[in-house]
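Written below as structure tokens is the structure these notes are about.
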């Protein structure tokens, strides 16, 4: 029997699955390979001890606290995939490695060369997001690529681990300036809704500078805002 439960995280709803004693899946709603391999005749049961342990672990993790030992996990996969997922668990909190680094480690264990592409495919199939930290793997140049849950989530998880930035409503908004929250929100809007154009108050030079830094350029201007008030708007577009 396979059991499921849901968890509300700052990065969206999460689906959990278990065989009754160990965690077998953790997916963000809408991610690539969502609920892959999950049987149709599942039973929702949120009171399982393993789910309670996962809820507590995730709550502590997203609060920026020490989450404690990893909940027990057991998941189906090929021997090669299991080898890759085991290596993911060896990447320390707050640190990263590249797909090439991971391929070299796997090659040493197997005693034969292993391609970064093959490793990347296995990383992408990781069925237990966050807990098995596939978000800590970067492209060769350090680029944030290849995350099934979306690049904006990958950046948020790394910002949480490396800089203590969590996703929540800020009590003091000015205190969050320069901490990366705007970049995260813009990346989410771009990835989820395909945003390539926006308007910004010309009298807000910090906002204009931010969008220019993010690759937007002005293509039009109006003397008033959309309500007809005397606040000039810049219309910006990113290729």
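The values are calculated or read from the model by the stated rules, or taken from the named source; none is laboratory data. Computed from a prediction, not measured in an experiment: that's the story for all the values here. Because the Cβ atoms are built from the backbone with ideal geometry, glycine has one as well, and the counts that use them run over all protein chains shown.
Hey, does segment 140-150 have a residue that's surrounded by fewer than 22 Cβ atoms within 10 Å (Cβ to Cβ) and either outside the structural domain of residue 11 (by TED's automatic domain parsing) or not in a loop (DSSP other than H, G, I, E, B) (or both)? Checked segment 140-150: no residue is surrounded by fewer than 22 Cβ atoms within 10 Å (Cβ to Cβ) and either outside the structural domain of residue 11 (by TED's automatic domain parsing) or not in a loop (DSSP other than H, G, I, E, B) (or both). Number of residues in segment 7-18 that are surrounded by 14 or more Cβ atoms within 10 Å (Cβ to Cβ) and more than 16 Å from residue 157 (Cβ to Cβ) equals 4. Scanning segment 145-173 for residues that are modelled with pLDDT under 80 and in contact with a strand residue (DSSP E or B) (Cβ under 8 Å, 6 or more places away or on another chain) returns a single hit, 146. Of all residues in segment 46-71, those satisfying the criterion of being exposed (fewer than 14 other Cβ atoms within 10 Å of the Cβ) and either at negative phi or touching a strand residue (DSSP E or B) at 6+ places or on another chain (Cβ under 7 Å) (or both) are 46, 47, 49, 52, 56, 60, 63, 65, 66, 69. The test for being surrounded by fewer than 19 Cβ atoms within 10 Å (Cβ to Cβ), over 19 Å from the mean Cα position of the chain (by Cα), free of Cβ contacts under 8 Å to residues at least 24 places away in the same chain and more than 23 Å from residue 14 (Cα to Cα) holds for residue 104. In the set 78, 98, only one residue is more than 22 Å from the chain's Cα centre (by Cα) and surrounded by fewer than 18 Cβ atoms within 10 Å (Cβ to Cβ); that residue is 78.
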